[in-house]
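Visitor: A single structure is presented below for examination.
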Amino acid sequence: QVRLVESGGGLVQPGGSLRLSCTASGIIFSAYAMGWYRQAPGKQREWVAYITSGGSITYLVSVKGRFTISRDNAKNTVYLQMNSLKPEDTAVYSCNAAMARSSYWGQGTQVTVSS
């Protein structure tokens, strides 16, 4: 059974930081591309950051320079370090594992940026 479990969300003031984690089980983690997505209330889900199995990284333009995605294959975990957070970053953040036609999602973790 495949499971992706996110953690690290919470309430933070504008300008603050959070680090999200997503730990996978039931897959050969190192073979999967991992992505972070977010969905704000009333909006469609959008892709935020992506890291391939080989370590290539891409970011949504609005988070580039503020967010950093990384992976630790020994721990089956992908991270999203979020700095300089803005109210518009408020959303449920979910991780995704993808390889060929396989795609798995976590349940999401809430990030709220508010003073």
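The values are calculated or read from the model by the stated rules, or taken from the named source; none is laboratory data. Keep in mind that this is a model prediction, so the values were computed, not measured. As a convention, Cβ positions derive from the backbone with ideal geometry for all residues, glycine included, and neighbour counts pool all protein chains shown. Just the protein is used for accessible areas: all its heavy atoms, side chains included, with ligands, DNA and RNA removed. Shrake-Rupley method; radii C 1.70, N 1.55, O 1.52, S 1.80 Å.
Visitor: With the contact rule set at Cα under 8 Å and sequence spacing of 6 or more, what percent relative contact order holds for the chain?
Guide: 37 percent
Visitor: Let's see if you can work this out: charge +1 on each Lys and Arg Cβ, -1 on each Asp and Glu Cβ, no other charges. What is the dipole magnitude of the range 8-115 about its Cα centre, in debye to the nearest 20?
Guide: With Lys and Arg at +1 and Asp and Glu at -1, about 80 debye.
Visitor: Counting only heavy atoms of protein chains, what accessible area per residue, in Å², does the chain have with a probe of 1.4 Å?
Guide: With all protein chains present, the chain gives 53 Å² per residue.
Visitor: Using only the alpha-carbon atoms of the chain as identical scatterers, what base-10 log of I(q)/I(0) does the Debye formula give at q = 0.19, 0.21, 0.23 Å⁻¹?
Guide: Here the Debye-derived log intensity ratios amount to -0.93, -1.13, -1.33.
Visitor: A follow-up question, please. The range 75-94 to the range 1-62: how many Å between their Cα centroids?
Guide: 7 Å
Visitor: Give the cross-link partners of residue 43 among the lysines, using a straight C-alpha distance below 25 Å as the criterion and excluding same-chain residues fewer than 8 apart.
Guide: 64, 86
Visitor: Then there's this: Subtract the Cα-Cα distance of residue 102 and residue 83 from 0.36 nm times their separation in residues, and report this length gain in nm to one decimal.
Guide: 3.7 nm
Visitor: Using the per-residue mean of other Cβ atoms lying within 10 Å as a proxy for protection, in what order, highest first, do the peptides 78-86, 64-72 fall?
Guide: So the order, starting with the most tightly packed, is 78-86, 64-72.
Visitor: Whose amide H sits under 5 Å from the amide H of residue 90, counting only residues 5 or more places off or on another chain, with H placed in the peptide plane?
Guide: 113
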